[in-house]
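What follows is a single structure, written as structure tokens, with notes after it.
The values are calculated or read from the model by the stated rules, or taken from the named source; none is laboratory data. None of the values given here were measured: they were computed from a predicted structure. All Cβ positions, even for glycine, are placed from backbone atoms using ideal geometry, and neighbour counts span all protein chains on display. Keep in mind that these areas ignore ligands, DNA and RNA; they rest on the heavy atoms of the full protein, side chains included. Shrake-Rupley method; radii C 1.70, N 1.55, O 1.52, S 1.80 Å.
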Amino acid sequence: MNTEDLGKSKILNLLFKPAGMMMGSKLRAWLMSPVKTLQGAGIEPGQTILEVGCGTGFFTIPAAKLIGDEGCLVAMDPSAGYIEQVSRKVHGAGLTNVRVVRRDALDTKLDTASMDRVLLFGVIPFPLLPLNRLLPEMHRVLKPEGTLAVWLFPPRVHFWVPKSILQSGMFSYAGKKNGVYNYRRG
Ligand SMILES: C[S@@+](CC[C@H](N)C(=O)[O-])C[C@H]1O[C@@H](n2cnc3c(N)ncnc32)[C@H](O)[C@@H]1O
């Protein structure tokens, strides 16, 4: 399925609607601080970041604020509805350092070795993002000293994911902070 089909799939859009309401809910914002989680990924001013599966932008706006005007955030999602929502939020917040892109993260079309950080926040495991295809693409877009940051939801259910990332041989473990697993590009 290509991005066009992904974004237009009736079944996916049916699922995306309630999922989007939960992702962007006030309860979620009350229960967890997106800034704290982003700090767990070592987000700093001036960085270039790829956010895979930005959804409704729960992490997008705080991440863009953390990297500041010198940084650049690429917020990527195949869903046209989510991309519209995030674009509106970015515009409303007056942010000029975000590129909101409707695309499949399995084929980002981004330059090789162009990213300081890749964020996989609440997106794996997911049938449309198989690790055996996603990890090589993330490895390709990261700079040699770049890092992959993974936040799993629900946290303990997907205990096998960190092991699978290491078993890929493309990343080495760099520690866990604020619930975020960090990996150096190997
Ligand atoms: C559970 S949501 C998480 C959204 C957001 N990261 C958050 O925590 O609020 C998973 C997101 O992954 C996106 N997604 C699914 N397949 C994808 C793909 N192949 N490439 C990029 N994003 C994808 C979905 O559209 C959805 O927005």
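Residues of segment 72-88 that are open to solvent by less than 10 Å² (accessible area, probe 1.4 Å), more than 9 Å from the ligand (Cβ to nearest atom) and out of contact with any Lys or Arg (no Cβ under 6 Å at 6 or more places or on another chain): L73, A75, V86.
Any residue at all in segment 89-111 that is of a type in the set (S, T, N, Q), open to solvent by 30 Å² or more (accessible area, probe 1.4 Å) and either within 9 Å of the ligand (Cβ to nearest atom) or part of a helix (DSSP H, G or I) (or both)?
No, segment 89-111 has no match at all.
Just to be sure, is R117 under 26 Å from G46 (Cβ atoms) and open to solvent by 40 Å² or more (accessible area, probe 1.4 Å)? Steps first, answer last, please.
Details: under 26 Å from G46 (Cβ atoms): yes; open to solvent by 40 Å² or more (accessible area, probe 1.4 Å): no.
Answer is no for this residue.
One residue alone among P62, P125, P45 is at pLDDT below 95, within 21 Å of N178 (Cα to Cα), open to solvent by 20 Å² or more (accessible area, probe 1.4 Å) and not β-branched (V, I, T), and that residue is P125.
A Cβ distance below 8 Å, combined with a sequence gap of six or more or placement on separate chains, defines the contacts here; from segment 167-184, residues that are in contact (Cβ under 8 Å) with a residue 40 or more places away in the chain reach residues that are surrounded by fewer than 18 Cβ atoms within 10 Å (Cβ to Cβ) and assigned to a strand (DSSP E or B) in the pairs N182/Y173; N182/A174; N182/G175; N182/K176.
Considered as a group, the residues in segment 153-186 that are touching a helix residue (DSSP H, G or I) at 6+ places or on another chain (Cβ under 6 Å) and among the hydrophobic types (A, V, I, L, M, F, W, C) include one that is nearest to D116 (Cα to Cα), and that residue is F171. The residues in segment 140-185 that are open to solvent by less than 60 Å² (accessible area, probe 1.4 Å), under 16 Å from the mean Cα position of the chain (by Cα) and over 18 Å from F121 (Cβ atoms) can be counted, and the count is 0.
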